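*Asks:* The structure follows.
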Amino acid sequence: MKDDRYFQQSLGIKAVPSPETLRQRLDETATVFQPLVSSTYTEFIRNAKGKVTPLAMGHVAVDMDVFCMDNSGTKKEGSKHTYHGYDGYAPIAAYMGEEGWCVNLEFREGSQHSQNNFIPFLEETISRARSLTKKPLLFRLDSAHDAIETRATLYSPKKVDYILKWNPRKQDLPAWLARGLQEGQVSEPRRGKRVAVFSFNQLQEHEGKKFSSRLVVRVIERTIDKRGQLLLVPDIELEGWWTSLYLPEKEIIRLYQDHGTSEQFHSEFKTDMDLERLPSGKFATNSLIMSIAGLAYNILRFIGQLGLLGDRSPARHSAKRRRTRTVIQELMYRAARLIETGRKLKLRFSRHCCAFQGVYNWLAFG
């Protein structure tokens, strides 16, 4: 891009820096710029009037999870052994609404436990999410965050509910099975498999404050496997979900299963945006790059809303969002002719892409 005049003018810069100069500037300013870039996530969504779609129950979902980035074979600062078995990083992200807006992103070393320094990140995410909607929020988290301080933090704010996967450490499985068969709703999906679902409230205390949490439990007993093989010893599977909601147990489980959609958002960062292996050897610089990627992710998500949803979108199945890869392929990789006239540079696009023209006009003129 060094001699590309259009690239230079479109960014409003006097000269395109060399790779070495750009790397030096990022290293020098990473610590200062990173929090500034991160704060623009919700500012962009709010100013662009991005749609935040709630669940059918009326809550706006906020999914939080850690994902691993493989940077093995390098000596980058902070690239350490992750729970996936390779060296790399383990950032944590928070996604909001059916659209999957990224409202918070924290870059972390690969060996950092999910719960380590999680509460400040959670409190900041609650504040950011509440600035975007007046609807109640539903936080969904996996069992890595099953801790008393997490439940206490989510219990305090108004109009904030949660579903937190239970981590059943060292539990007596036969005892839970007996309780489930006695107290719960028992079904038999197939021969040799029984499923018991029940829930109860448990009084808890943290830092002198008492609160009640509901635990939804599902116990599965298998005496015959799915191939029809009889088991000498019954196989017992125990799962649970802490929640502040008082919906039916099966509805709580279904709502948590939708949390798996956030895995797709992780893959969009790593594959669609090609950020699996980060470019710098310095942790602070890579943290800045990930923060910039979060803003770019939201911009691409918004462009997808404008151009690939609704009546003017290309013919395909209906959806609430499009993958970042689809947005890049159909709205960013567009052929155009660069024309120089009257000492000005102009881009001439095809007249056949109505969706792209609408997006371009909105971004250019608002």
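Values in this text are rule-based calculations from the coordinates and carry no lab data. It should be emphasised that the depicted structure is a prediction, and the values quoted were computed from it without experimental measurement. All Cβ positions, glycine included, derive from the backbone under ideal geometry; neighbour counts span all protein chains shown.
*Asks:* Could you compute the longest span of the chain free of GluC sites (Glu not before Pro) located in DSSP loops and having at most 16 other Cβ atoms within 10 Å, not counting the site residues?
*Replies:* By the stated rule (loop sites, at most 16 other Cβ atoms within 10 Å), 78-206.
*Asks:* Rg and Dmax in Å for the chain, alpha carbons only: what are they?
*Replies:* When restricted to Cα atoms, the chain yields Rg and Dmax of 24.4, 85 Å.
*Asks:* Out of residues 5 or more away from residue 72 or on other chains, whose amide H comes under 5 Å of its own, with H placed 1.01 Å from N in the peptide plane?
*Replies:* 87
*Asks:* Projected onto the charge dipole of the chain (+1 at Lys/Arg Cβ, -1 at Asp/Glu Cβ, origin at the Cα centre), which of 241, 126, 230 gives the Cα projection farthest towards the positive end?
*Replies:* 126
*Asks:* Considering the zone a paramagnetic label at residue 169 would reach in this model (a point 7 Å from Cα along the Cα-to-Cβ line), which residues of region 228-265 have amide N under 19 Å from it?
*Replies:* Correct set: 238-243.
*Asks:* Kindly state, as a whole number, the per residue volume in cubic angstrom of the convex hull around the alpha carbon atoms of region 124-210.
*Replies:* 156
*Asks:* What distance in nm separates the two pseudo spin-label positions at residue 271 and residue 258, each 7 Å out from Cα along the beta-carbon direction?
*Replies:* Reported label-point gap for residue 271 and residue 258 is 2.4 nm.
*Asks:* Assuming R0 = 45 Å, can you tell me the calculated FRET efficiency for the pair residue 29 and residue 188, based on Cβ-Cβ distance, to the nearest 0.05? Don't jump to the answer; show the numbers that get you there.
*Replies:* Values: r = 62 Å, r/R0 = 1.39.
It comes out at approximately 0.10.
*Asks:* Extension gain residue 292-residue 251, at 0.36 nm per residue separation less the Cα-Cα distance, in nm?
*Replies:* 11.1 nm
*Asks:* If the cut-off is 12 Å between C-alpha atoms, which aspartates and glutamates fall inside it for residue 209, apart from same-chain ones fewer than 8 positions away?
*Replies:* Within reach: 149.
*Asks:* Kindly write out, for region 229-246 in residue order, the coupling ³J(HN,Hα) from the Karplus curve 6.51 cos²θ - 1.76 cosθ + 1.60 (θ = phi - 60°), rounded to whole Hz, with x marking Gly and Pro.
*Replies:* So the Karplus estimates, Gly and Pro as x, are 7, 5, 9, 5, 10, x, 8, 10, 10, 10, 9, x, 9, 6, 7, 9, 8, 10 Hz.
*Asks:* So, one more: Please report, in debye to the nearest 20, how large the charge dipole of the chain is about its Cα centre when each Lys and Arg carries +1 at its beta carbon and each Asp and Glu carries -1 there.
*Replies:* Working: 55 positive and 42 negative charges, 297 e Å.
That gives the chain a dipole magnitude of about 1420 debye.
*Asks:* Indicate, rounded to the nearest 5 percent, the antiparallel portion of the DSSP beta bridges found entirely in region 5-301.
*Replies:* That works out to approximately 85 percent antiparallel.
*Asks:* In sequence order, what are the phi-derived ³J(HN,Hα) couplings for region 18-23 according to the Karplus relation 6.51 cos²θ - 1.76 cosθ + 1.60 with θ = phi - 60°, rounded to whole Hz, with x for glycine and proline?
*Replies:* Listing the rounded values in order: 6, x, 5, 5, 4, 4 Hz.
*Asks:* Counting each DSSP H run of 4 or more residues in the chain as -39500 (n - 2.57), what helix-only mean residue ellipticity at 222 nm follows after dividing by all residues, to the nearest 500 deg cm²/dmol?
*Replies:* -10500 deg cm²/dmol
*Asks:* Of 278, 33, 335, which is farthest along the charge dipole of the chain in the positive direction, counting Lys and Arg as +1 and Asp and Glu as -1 at C-beta?
*Replies:* Positive-most Cα among the choices belongs to 335.
*Asks:* Still on this structure, please answer the following. Which cross-chain or sequence-distant (5 or more) residues have an amide H under 5 Å from the amide H of residue 80, H modelled 1.01 Å from N in plane?
*Replies:* For residue 80, whose amide H was placed from the backbone, the distant partners under 5 Å are 88, 110, 111.
*Asks:* Mind listing the long-range amide H neighbours of residue 139? Cut-off is under 5 Å, sequence gap 5 or more, other chains count too, H placed in the peptide plane at 1.01 Å from N.
*Replies:* 62, 161, 162, 163
*Asks:* If each residue of separation counts as 0.36 nm, what is the full-extension length gain between residue 227 and residue 336 once their alpha-carbon separation is subtracted?
*Replies:* Gain on stretching residue 227 to residue 336: 33.5 nm.
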